1. Would you list, by chain and number, the aspartates and glutamates whose Cα falls below 13 Å from the Cα of A:LYS94, excluding same-chain residues fewer than 8 positions away?
2. Between B:ASP56 and A:ALA12, what's the calculated FRET efficiency when r is the beta-carbon distance and R0 is 35 Å? Round to 0.05.
3. With an 8 Å cut-off on Cα pairs and a minimum separation of 6 or more residues, tell me the relative contact order of chain B in percent.
4. May I ask you to list the GluC sites (Glu not before Pro) in segment B:117-223 that are in a DSSP loop and have at most 16 other Cβ atoms within 10 Å of their Cβ?
5. What FRET efficiency comes out for the pair B:SER91/A:LYS4, r = Cβ-Cβ distance, R0 = 45 Å, nearest 0.05?
6. Please report the spacing between the Cα centers of segment A:55-93 and segment B:202-223 in Å, no decimals.
7. Per residue of A:98-108, what is the mean number of Cβ atoms on other protein chains within 10 angstrom of that residue's Cβ?
8. Antiparallel as a % of all DSSP beta bridges within the protein assembly as shown, to the nearest 5?
Amino acid sequence: MSEKILLIDDEAEFVETLAARMRTRDMSVTTANSAVEALDRDDMDTYDAIILDLQMPEMDGLTALEKIKQRNPKLQVIMLTGQATVEKGVRAMKMGAVDLLEKPADMEELNRRIKEASNRKMVLVREESEDKIKEIMSQFEVGLSVSSNC
Amino acid sequence: MTKEQNVPGERDICFFGTVTASISHEIKNVLTTINETAGLLDDFAFQAQRAESELDPSRARDAAAAIARNVRRADGIVRNLNRFAHSTDRSRAVIELGDLLNLFSNLAARLAANRGARLQVTNELGDLKVLTAPFSLLHLLWRSLEFVLVDMGAAGQIQLRVSATAGENSVGQQMELIWENSTKEAMGSVADFPGEIERGLLERLPGLCQLRQEKDRIVLLLG
């Protein structure tokens, strides 16, 4: 399966190079050079994983993480950072990031974490779908019992 | 300068730490890009080895050029770090003010960018040399910029200008930080600027120096 990834980092050359490497691994990658640019996207819900830099101008990674999770709590955010303090890392995880990797991240390790995040999102989406089906079914059953009593 | 003034205070050490931390972040960014580019070259070679695709010479050359470009970028950052470290060599030295302002702009670019601002240097003095206290002057400029960015909420372009001033009997120099957009209205002197720390740094500079805040600028008159 080809994972769909959104990569957010203000270092333009780094982002494009990492994206090129991920594409050679059959991932579909979209890049954004700021959190503001990423949050402007209408298709954010469709990404299997979002890779987010912690330190960026305009809007930092933690603020962006908060806004992403507010938009859709199921979105899987992996923090990728140059120099993370333990405090910031813990905060990011408490705020719902699924992983924290330090740059330069080993490509195969990043690949593995992306696949894990993607699988987690798939499970969450499936659970949500099953819940919806159950809800529809229960409404349908209530409707059936009402009509049979008539 | 008295002996006490030569001893770095806690604020000086904090300033030194802040600048070196910022530079280390920049170096790390460059190294990370070099690492990914080397990885990309390795990916190309791996694909060619497995005969998945032919090694495209132009893509390999682009990657090599990116590595060379980033090595030059890192070299520039390290040069700035080296010059900043040497600003502590002597408490007073004869330097080019325009050159020092360029160094300051390079050191502070990241601080400004984090607040959505860009720095632009205007040097009207050319290569004029003056006697000053380089480290204290850099520290004073840094504190002034922090005030402009944080307390004044300045964003967009901030001009760093060094120019000549003509007094009644003498010609002097001034440095200015001029901002275009601000979230706060400055009417004359607001907040505590220059504060105690800035006044202490001013006292370390040779001659009678003044620092004042105007509506859209901070002016440092050098003695």
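Throughout, read-outs are computed from the coordinates displayed, never taken from laboratory work. A quick note: this is a predicted structure, and the numbers were derived from the prediction, not measured. Counting neighbours? That spans all protein chains shown, and the Cβs are built from the backbone with ideal geometry, glycine included.
1. Here the aspartates and glutamates satisfying the reach criterion relative to A:LYS94 are A:GLU66.
2. 0.95
3. Taking the mean separation of contacting Cα pairs over the length of chain B, I get 16 percent.
4. B:GLU124, B:GLU168, B:GLU185, B:GLU214
5. That gives a FRET efficiency of 0.15.
6. Value for the Cα centre distance between the two parts: 41 Å.
7. Per residue, the average neighbour count from other chains is 3.
8. Around 50 percent antiparallel, to the nearest 5.
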